[in-house]
Every structure is written in C-alpha cells, then in structure tokens.
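The values are calculated or read from the model by the stated rules, or taken from the named source; none is laboratory data. Because the structure is predicted, anything quoted here is derived from the model rather than measured. Positions of Cβ are generated from backbone atoms using ideal geometry, with glycine treated the same way; all protein chains shown enter the neighbour counts. SASA here: full protein model, heavy atoms, side chains in, ligands and nucleic acids out. Shrake-Rupley method; radii C 1.70, N 1.55, O 1.52, S 1.80 Å.
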Amino acid sequence: MEKELVIVLDFGGQYNQLVARRVRECNVYCEIYSYKTDINKIKEMNPKGIILTGGPNSCYEEGAPTYSKELFEMGIPVLGLCYGAQLMQHVLGGKVEKAPVREYGKTDVHVNTSSVLFKDVSEDTVCWMSHFDYISKVAPGFDICATTADCPVAAAENKSQNLYAIQFHPEVLHTVEGTKMLSNFVYNVCGCSGDWRMDAFVENQIKAIREKVGDGKVLLALSGGVDSSVLAALLSRAIGKQLTCVFVDHGLLRKNEGDEVEQVFGNSGTFDLNFVRVNAQERYYKKLEGVTEPESKRKIIGEEFIRVFEEEAKKIGAVDFLAQGTIYPDVVESGLGGESAVIKSHHNVGGLPDYVDFKEIIEPLRDLFKDEVRKVGLELGLPEYLVFRQPFPGPGLGIRIIGDVTAEKVRIVQDADFIYREEVDKAAKEYKEEHGKEAPWMPNQYFAALTNMRSVGVMGDERTYDYAVALRAVKTIDFMTAESAEIPFAVLQTVMNRIINEVKGVNRVFYDLTSKPPGTIEFE
Ligand code: XMP
C-alpha cells in the first residue's frame, strides 16, 4: 500500500527540517525537496499536500527563489509559511513589500477560528514571527484569517482552492498552538489519515530488508551510538545471523559503554546476530601517544577505525551488503533533498573503508529523523539508556582530553564524566517527580572533559599537583548554536565534591559557560 506523503519545498529557511518533523509528529510522512524540484516530479510523487518553507530572500527581488503558478493550480493543497506565504501571494497577484515594522519573536496573534487552519485554536494565541517583508494585499480569492498588531495579514486562505498562507512559523514551539495548525492542514485540508507510525515502519522495513538481502551477508560497523544500535537491532530482527556487527572498542568510549554494547548485542544478548568485539584500546593509545593537535587526533582516530574495521572485514571475507546508519538529516544536509542544506557541513560521515569487499550499501534508516530512530529502537526492544543516549562524537573521549591522550587520562575523564552524568540525571529525575515536568535547565548534552592544566591544591594536609576537569552542559535545538545550561549550583557543587573525592588525579573542577558560537560544544 502506498503511504501518504506531504512534501516540504525548501526555500532556504532555517526551520525546513523542523516543518517536516512536526508533520511527521502528526503521523503523516513528509519529505523535504528543493524549490527547484520539477513540477512533473512533484506530480509523480502525488503528495496529499505541499508546504512551502520560509527563506532569507525577498520574493519580489530579481533572482529570488520562486515557483511557477502551476504549483497552485494542480488541485493539491498548498500551505505557505513565512517566505512561502509571501511567495504564494506574490505569484498569485497579491502584494508583498518591505514592512514598516520588522516583527521578530513571540507575538500575540488574533485568528479566525472558523478557518479550517485554526479549528480548535484559541482566538488569541501566541506565534513566532521572523520577517522584514509583509503581505500588504492578499491575492484575489484570498481572505485574511489572522492578524497581529503590526501585521495585517498574519494568515490568509483561499478555501475553494485549498491554498493557505501563514506569515509566522507554526513549526517552532514558541508558536503555542502551531502543531494544531499543522495538524489541521494535513488532516482537515489535505485529508490525510495519519498512516505514518513507527510500528508499521518496523514491520515494513523488516519485509523490505528481507526482500533486498535475500540470503546475502550484511556487515555493519556498530559504534554503540543510537543510529548504529537501532540499525543492528532492525537488521537482526530481519535477517538474524546473516548480519555481522563489528564493534571496535577504541578505548575512548564512556565508562562501561563497551561492556554495555556487548551485553545488548553480544552472545548473551537478545539479538540474533554475529557480534565481533575488537579490543583495540592499546593500539589506539599507541597511535595517539604524544599527539596534541586536535585535528591530527581526529584524523588518527578516524583512520585507525577504518584500518581496524578493514582487518576484521578481511577475516569475515566477502559480504553482499555494507549497512550504514545514515538518517534523514544526513540526507538533507548533504544536499540531496533540501536547499539550505548545502550551507551546513556535518561530521557524521567518517568515510568508507577502502578495502571492504561488498557489493552494495544499504541504509534502512535513511528516511527517519532522530526522534523516529529512537522510537524504532524502543519498538525493537532496545534498552532506554541506549536509545536515549546523548550525542557522542566519533573520536570519542579523544577530543575531550585536551592535549595528548593516555590510558590514565581516559580513566580520569571516564570517571569524572560518569559522576557528572549520574548527578545531573538524578537531579533532573527529582525535579520531574516534584514538578511533573522536565527541569527548565535540563541540558541536551552534558559531559566532562579533561583540561591539560595542572594546578596546586591541598588535600588532607598534603600538597597536590593535579588536573582540572571541565564540566560542559548545553541547551540546544540543532547543535549548530548552543547556550550553556543553568545547572543548579547545588548540583554542580555535589559533582565537584564527588569528582575531587572519588577521581584520583583531579583537584579542581571548572564549569564552562561558553555559548556556541563563539565556542563549540566539544573542546577540540
Ligand atoms: P561541536 O563541537 O562541533 O559539536 O559544536 C556539535 C555536535 O556534534 C558532535 N560532534 C561530533 N559528532 N563526529 C560526530 O559524530 C564528530 O567528529 C563530532 N564532533 C562533534 C558534538 O558532540 C555535538 O553534539
């Protein structure tokens, strides 16, 4: 059965992925395409609806991204957001010009609840605005259905043609009832039934993998991160022992992580597969000896991974497929689907081993957003601690130890990091139990790093000359920008006390307040 599809046409806005994610949260499958996508391709895809994203341009300027009028005449419902809304009006005969007042941030908006877009939305609600142009006159056939103090056309509709324009950003959570609006569009305008569910995804993928792989052999580099773990679980359910997972323990993992991965996927775990753990710790430490330059460290760790993996692959022999944990943001960001993509770079793809003998790559998760990958992981019975793991860089603790890496330093940073995460998790859990909601300071990523600074301290009556640990915790939506999280001082104090008492070799603890930019999240 063909699944329902809504497409997002990307005009270069920063929230394009968010739009698609919100639509999928409504259980409707959604894909992102460039605004340059040919109209015939769109027709072929036969979407139930089309959403035009925001973008940084002025639609009335020469050379600005645009689309032909035909897009609005196919009988497929269209929703324009921000730039997309202006473009729709511009193309269909309305007027867009520079606004006398630039609106930015949370804004009160009055909506007409008899519009299907605002069904069950409060008449007066809050939206997220970010625009310098505005629609000064709607196109023929359109009615205004929302306004703000500074924006006469905050939304407009042409009911008979199923065309809708919203000046603000319903996809951003600051638009309090935004999800409701998007849900109204996909259900009540496009007539979707909501057939995008993760249990069905798992079932369909298992079938698809079996069909594709036949009785072939599949090789997967399992890192213990969320994506490769979920992929291992999915492949195991589909093809069992035809799958071999190679897990390289480079000795730069978080405390206990190597054993945890082995517990889940190894012989005593619940997944049927061939599991190979390579204990390459010593080999990595040797390669990294005396290396202090961050990029050199990254390179060595990356290259060594490929060498180790190749060696194991040679032992295994020829395979038919190499499985990769590519997910949808990787696809969009490498410019295959979207528009804004090309600007961003990402460091998820570490390069392919040169000498692995395989015929084809399979990427069963390539349609999924991260939160969907996690849901699939839970469906497949992976433990929560694995599914909700924080992002962890490929080079691991190697880039959280400033300066040269040694086994001793790895031990220090592992122990400090473990204590830090334990205390933050405990405080977060207590807050949730007491207040019934997540702590406002709850970071999206938090970890300890080891500085290469040693300083004098006193412990008991003894002079110490030990290392300083730096604690990092950030709040971020997309990891492209981040703020330091306001972890309660008492929690930080407990962490500091525990680290200094329990981790030998540390006599000082710092908390990193730096935002990104100018800092990065990791230290190297
Ligand atoms: P930065 O340090 O660039 O980190 O602000 C942004 C996010 O990316 C993660 N990160 C990496 N992830 N391989 C990865 O898979 C890497 O080499 C890498 N470096 C940074 C980092 O943990 C943060 O979530």
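List, in the order given, every pair from K297/K409; K159/K180; K106/K437 whose Cα-Cα distance in the structure shown is over 20 Å.
K106/K437
Using modelled backbone amide H atoms (1.01 Å from N, in-plane), which distant-in-sequence or interchain residues come within less than 5 Å of V96's amide H?
Residues meeting the criterion, in which the H sits 1.01 Å from N, are S136.
If you count the DSSP beta bridges with both ends in the chain, what percent of them are antiparallel, to the nearest 5? Could the numbers behind the result be given before it?
Numbers: 36 of 75 bridges.
Looking only at bridges with both residues in the chain, the antiparallel portion is about 50 percent.
Which whole DSSP H helices in the chain pass both tests: a Cα extent of 15 Å or more along the axis and a mean Kyte-Doolittle value no lower than 0.5? Please report the intermediate quantities before stating the final value.
Details: long enough: 198-213 (21 Å, -0.26); 226-239 (19 Å, 1.38); 294-316 (33 Å, -0.82); 407-435 (42 Å, -1.17); 489-502 (19 Å, 0.61).
Result, helices passing both filters: 226-239, 489-502.
Which length gain, in nm to one decimal place, applies between T292 and K504 when the Cα-Cα distance is subtracted from 0.36 nm times their residue separation?
Working: separation 212, 0.36 × 212 = 76.32 nm, distance 2.27 nm.
Extra length from T292 to K504 when fully extended: 74.1 nm.
Only four residue types carry charge here, +1 at the Cβ of Lys and Arg and -1 at the Cβ of Asp and Glu. Report the dipole size of the chain about the Cα centre in Debye, rounded to the nearest 20.
Values: 59 positive and 78 negative charges, 56 e Å.
Dipole magnitude for the chain comes out near 280 debye.
D for the range 426-524, whole µm²/s, Stokes-Einstein with Kirkwood Rh over alpha-carbon pairs at 20 °C and 1.002 mPa s: what number? Before the final figure, lay out each step's value.
Numbers: Rh = 14.8 Å.
The estimated diffusion coefficient comes to 144 µm²/s.
Expressed as a whole percent, how much of the Cα-Cα distance distribution for the chain exceeds 45 Å? It would help to have the intermediate numbers written out before the result.
On the way: 32399 of 137026 pairs.
For the chain, the share of Cα pairs beyond 45 Å comes to 24 percent.
Hey, any idea what % of the chain's accessible area is carbon plus sulfur with a 1.4 Å probe? It would help to have the intermediate numbers written out before the result.
Details: 11630 of 23840 Å².
For the chain, the apolar C and S fraction of the accessible surface comes to 49 percent.
Any idea how far apart D478 and Y104 come out in nm if each label point goes 7 Å out from Cα toward Cβ?
1.6
Percent relative contact order of the chain, based on C-alpha pairs within less than 8 angstrom and at least six residues apart?
Details: 1042 pairs, mean separation 55.9, N = 524.
RCO, the chain: 11 percent.
If you average over every viewing direction, what projected area does the convex hull of the Cα atoms of the range 362-476 give, in nm²? Before the final figure, lay out the partial values.
Values: hull surface 43.9 nm².
Quarter of the Cα hull surface area: 11.0 nm².
Under a crude label model (7 Å from the Cα following the beta-carbon direction), how far is K299 from S58 in nanometres?
4.6
Hey, got the Cα dimensions of the range 97-165 along the principal axes, in Å, largest first?
Over the range 97-165, Cα extents along the principal axes are 31, 27, 14 Å.
May I ask you to list the chymotrypsin sites (Phe, Trp or Tyr not before Pro) in the range 384-448 that are in a DSSP loop and have at most 15 other Cβ atoms within 10 Å of their Cβ? Before the final figure, lay out the partial values.
Details: sites: Y385, F388, F418, Y420, Y431, W441, Y446, F447; in loops: F388, W441.
Taking the range 384-448 and a limit of 15 other Cβ atoms within 10 Å, the loop chymotrypsin sites (Phe, Trp or Tyr not before Pro) found are F388.
Over the residues of the range 1-140, compute the C-alpha Rg and express it relative to 2.2 N^0.38 Å. Present the calculation step by step, with values, prior to reporting the outcome.
Values: Rg = 15.3 Å, N = 140, 2.2 N^0.38 = 14.4 Å.
Against the empirical 2.2 N^0.38 Å value, I get 1.06 for the range 1-140.
How many Å² of accessible area per residue for the chain, probe 1.4 Å? Could the numbers behind the result be given before it?
Details: 23840 Å² over 524 residues.
Ligands and nucleic acids excluded, the figure is 46 Å² per residue.
At 7 Å along the Cα-to-beta-carbon direction for both K314 and Y465, put a label point, then send me their distance in nm to one decimal.
For the pair K314/Y465, the computed spacing is 4.6 nm.
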